[in-house]
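Colleague: Quick one: the structure is below, and I'll ask about it shortly.
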Amino acid sequence: MKWLVARVTLLLLCCIGLTSCDFIQVTGDVPVTVAPTAARPTTQVAVPTWTALPTATTAVPSLTAIVPDTGWELLRPGLERRIVNLLNEDDEHAEQLYMLRLEPGRFRFGVAYDPKLRSLDAWQAETDALLLVNGGYFRQEGDTYVPNGLTVVDGKAMGTSYGSFGGMLAVTPGGLELRWLAQAPYDPQENLLAALQSFPVLVKPGGEVGFPEQYEDGRRARRTVIGQDNSGRILFVIASRGYFTLHQLSVYLTQSDLELKLAINLDGGTSSGLLLASPAEKVPAYIPLPVVITVHPR
């Protein structure tokens, strides 16, 4: 078991870096963006080999919601936004969570890929998507960039499927699925229109902690999460100030009022970013991205 923990720790150190503490500020009801002060390239990451994630043994440090927690505000039919500001135990503004919640039947989800990288604004101009969110981990090969985890674009697969520690957003002819690969592994024969894998699973089915303390390395970073709640709605959560470690975020999400039945960590650090075209709101990614999740209205 010691070699297992050591390997996981090393992998997380490689793929999840601490970044600057820029965040969305709220003026009235509409968040505006703040330019970043630093940027780091996304690092390479190998495919992990661990298979099980036991339950956490400690709780996340105390966080208190402060005004403005906007509550869920309807932006358009099927799309709600919520912004939560959190204080730590020293009464410091520790984190800001920007969250979008979508009724999947009202939207068409997809995955877009460009090996030469694009900014979120360039991706929006190319895809005309209502919403763009950064994807999973990627690496550089020569002068191009490729996804690490399995990625399917227009029915064509690339990358390597993760094991039971990972999760997958899968778009099938029947609709959208968010899966824990331990329960529903990738099948090369399945009919996928689009898909994207990432890791670790932060909330396992049933609302259980997905990333336990024993794998914690103490590294804080900006985070991007995709989740699904008990009502089937899809949530995107951006923790933009870099407060949470993976274990802390895993525990926070399970203890929150979001009622998540599954949540998957996407690429974080400088890659974390989201662009909503209408109304125009953005959590800026600090670097251009090769892979993004796209959302179009039906």
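Bear in mind these aren't lab numbers, they're just calculated from the coordinates by the rules spelled out. Remember, it's a predicted structure, so these values are computed and weren't measured experimentally. Every residue, glycine among them, receives a Cβ derived from its backbone with ideal geometry; neighbour counts consider all protein chains shown.
Colleague: Over region 141-260, one equal point on each Cα, no solvent: what is log10 I(q)/I(0) by the Debye formula at q = 0.13, 0.21 Å⁻¹?
Modeller: Once normalised to I(0) and log-transformed, intensities are -0.55, -1.26.
Colleague: Applying the Karplus parametrisation 6.51 cos²θ - 1.76 cosθ + 1.60 with θ = phi - 60° to the phi angles of region 205-218, what ³J(HN,Hα) value in whole Hz is obtained for each residue in order, glycine and proline being reported as x?
Modeller: Calculated HN-Hα couplings, in order: x, x, x, 8, 4, x, 10, x, 4, 5, 9, 5, 10, x Hz.
Colleague: How much length would be gained if the chain were fully extended between Gln255 and Thr70, taking 0.36 nm per residue of separation minus their Cα-Cα distance, in nm to one decimal?
Modeller: Here the answer is 64.7 nm.
Colleague: What percent do you get for the relative contact order of region 83-160 when only Cα pairs under 8 Å and 6+ apart count?
Modeller: Averaging sequence separation for qualifying contacts and normalising by length gives 19 percent for region 83-160.
Colleague: With labels modelled as points extended 7 Å from the Cα through the Cβ direction, what inter-label distance (nm, one decimal) is found for Gln140 paired with Glu126?
Modeller: Distance between the two pseudo-spin positions: 1.8 nm.
Colleague: In what sequence, highest mean first, do 170-180, 218-228, 260-270 appear when ranked by Cβ atoms within 10 angstrom?
Modeller: 260-270, 218-228, 170-180
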